[in-house]
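Have a look at the structure below, then the notes.
The values are calculated or read from the model by the stated rules, or taken from the named source; none is laboratory data. From a predicted model like this one, the values you see are computed outputs, not experimental measurements. Cβ: placed from backbone, ideal geometry, glycine included. Neighbour counts: every protein chain shown.
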Amino acid sequence: MAAGTAEAVRAALRQVAPELADDPIAVREGLGETDPQWWAGSAVLGGRFVVKFAWSRPAAARVAHEIAVLEALGPVVPFLPEVVASSTDPLLLVTRLVPGAALFDVVDALDRGDAGRQLAHFLGALHGRTTRERVEAVGELSPAILQPATTDTLRAGFPKWARVDQQAAVLRWCDWADDVLATPGPDVLVHADLHGGNQVWDGGQLRAVVDFETAGLHEPEYDLRCFPGTGPGVELTTATIRHYESLTGRQLSVDRVMAWHLRTALGDALWRSEAGVPLPDHRTPREWVDDLAGRFAALGISVG
């Protein structure tokens with residue numbers, strides 16, 4: 001589209017879904033990105049639908065990718081948003097709004113075992129061979145777009161944000177992660193950005209997983225990289241792994257999950273600290289390092 005405005009969205013709707021074009025449009029406030037790579041947005045339409053759009057070529061490619069992925073996955077993967085209308089010219093994706101809250105907001109009230117079972121049901125279907133084949137029939141699958149910070153980046157930049165007594169541990173963790181991930185795992189179709197904000201929960205039930213813009217090929221453990229940091233303890237991670245293995249007969253490596261989690265968590269803390277952006281929970285990188293140490297201990301992982 002020409003711009004990320006309500007007027008531009010309405011003009012596109014008149015072509016793609018004219019029956020919705022007169023509904024009120026509430027464009028969600030973005031981050032004010034200066035890089036065209038991220039010139040995409042969303043809006044709530046009439047309190048009933050979510051509209052995704054983009055106004056740069058790189059961002060539009062991601063939304064078009066999501067449209068193709070959702071079309072291919074619809075019959076075989078549970079917990080997907082319902083696509084109401086979509087088009088690549090003009091580029092627009094309309095899905096039905098799912099009532100509920102992000103996992104971040106409700107995780108403390110959830111039964112971790114039951115939540116893990118539901119997440120395993122989604123992941124088991126998403127990672128299946130048939131699922132990958134369905135998406136590849138639509139177009140070539142590339143490696144997952146979203147990648148966490150490298151361990152080299154963490155070694156160079158993170159120690160100054162840690163306490164003196166934490167710095168050696170951070171470097172040991174980076175060495176350990178390199179060893180764990182030295183041999184690549186099998187490629188499956190992954191969501192690639194399965195944090196709590198991309199999950200909609202209501203009444204203890206997973207209602208939808210959203211935002212498939214970065215879906216692509218990676219190892220199964222990559223999709224669990226945010227789980228150890230969701231809620232207190234590591235019970236959601238261990239429950240999801242247990243149910244996943246039971247449902248699929250495929251084994252997951254806790255070490256690989258934590259190696260990806262280490263790179264994700266410290267990478268997030270690093271770029272935010274260097275940019276002067278608060279961490280999501282408004283704590284400090286030092287506290288995040290303490291949390292990571294606790295997660296390693298809770299999972300029985302000894303590093304160095």
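Below is a table of values for the structure above.
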| quantity | calculated |
| --- | --- |
| Tally, over the range 268-278, of residues that are exposed (fewer than 15 other Cβ atoms within 10 Å of the Cβ) and either touching a residue at least 24 places away in the same chain (Cβ under 8 Å) or not in a helix (DSSP H, G or I) (or both) | 5 |
| Selected residue (criterion: modelled with the highest pLDDT) from residues of the range 73-105 that are acidic (Asp, Glu) and part of a loop (DSSP other than H, G, I, E, B) | Glu82 |
| Residue that is surrounded by the most Cβ atoms within 10 Å (Cβ to Cβ), among those in the range 135-147 that are of a type outside the set (Val, Ile, Thr) and part of a helix (DSSP H, G or I) | Glu136 |
| Candidate set: the range 170-202, residues that are under 12 Å from Leu154 (Cα atoms) and hydrophobic (A, V, I, L, M, F, W, C); chosen: the one nearest to the chain's Cα centre (by Cα) | Ala177 |
| Any hit, the range 109-120, residues being under 24 Å from Pro143 (Cα atoms) and either touching a residue at least 12 places away in the same chain (Cβ under 8 Å) or not hydroxyl-bearing (Ser, Thr, Tyr) (or both) | yes |
| Any hit, the range 63-86, residues being outside the structural domain of Val200 (by TED's automatic domain parsing), touching a Phe, Trp or Tyr at 6+ places or on another chain (Cβ under 9 Å) and among the charged types (D, E, K, R) | yes |
| Residue tally, condition outside any helix (DSSP H, G or I) and either surrounded by fewer than 21 Cβ atoms within 10 Å (Cβ to Cβ) or not assigned by TED's automatic domain parsing to the domain that holds Val209 (or both), over the range 118-134 | 1 |
| Residue among Ala259, Ala239 that is under 14 Å from Gly116 (Cα atoms), outside any loop (DSSP other than H, G, I, E, B) and in contact (Cβ under 8 Å) with a residue 40 or more places away in the chain | Ala239 |
| Any chance Tyr244 is within 14 Å of Leu123 (Cβ to Cβ), touching a strand residue (DSSP E or B) at 6+ places or on another chain (Cβ under 8 Å) and among the hydroxyl-bearing types (Ser, Thr, Tyr) | no |
| Enumeration of residues in the range 73-96 that are surrounded by 20 or more Cβ atoms within 10 Å (Cβ to Cβ) and either over 19 Å from the mean Cα position of the chain (by Cα) or among the β-branched types (Val, Ile, Thr) (or both) | Val77, Ser86, Leu91, Leu92, Val94, Thr95 |
| Single match in Pro285, Pro220, Pro184, Pro232 (criterion: closer than 30 Å to Ala68 by Cβ, surrounded by fewer than 23 Cβ atoms within 10 Å (Cβ to Cβ) and in contact (Cβ under 8 Å) with a residue 24 or more places away in the chain) | Pro184 |
| Inter-residue pairs, beta-carbon under 8 Å, first over 17 Å from Thr264 (Cβ atoms) and in the range 146-169, second at pLDDT below 95, 6+ apart | Ala169/Val303; Ala169/Gly304 |
| Failed condition for Ile241, given (1) in contact with a Gly (Cβ under 6 Å, 6 or more places away or on another chain); (2) closer than 27 Å to Thr130 by Cβ; (3) buried (at least 17 other Cβ atoms within 10 Å of the Cβ) | (1) |
| Flag if Leu206 is more than 24 Å from Pro280 (Cα to Cα) and in a strand (DSSP E or B) | no |
| Tally of residues being under 16 Å from Thr95 (Cα atoms) and either part of a loop (DSSP other than H, G, I, E, B) or without any contact (Cβ under 8 Å) to a residue 40 or more places away in the chain (or both) across the range 15-39 | 10 |
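Rundown of residues vs (1) assigned by TED's automatic domain parsing to the domain that holds Ala60; (2) of a type outside the set (Val, Ile, Thr); (3) at positive phi; (4) not in a helix (DSSP H, G or I), yes/no style:
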position: Ala149; (1), (2), (3), (4): no, yes, no, yes
position: Gln166; (1), (2), (3), (4): no, yes, no, no
position: Gly185; (1), (2), (3), (4): no, yes, no, yes
position: Gly197; (1), (2), (3), (4): no, yes, no, no
position: Val200; (1), (2), (3), (4): no, no, no, yes
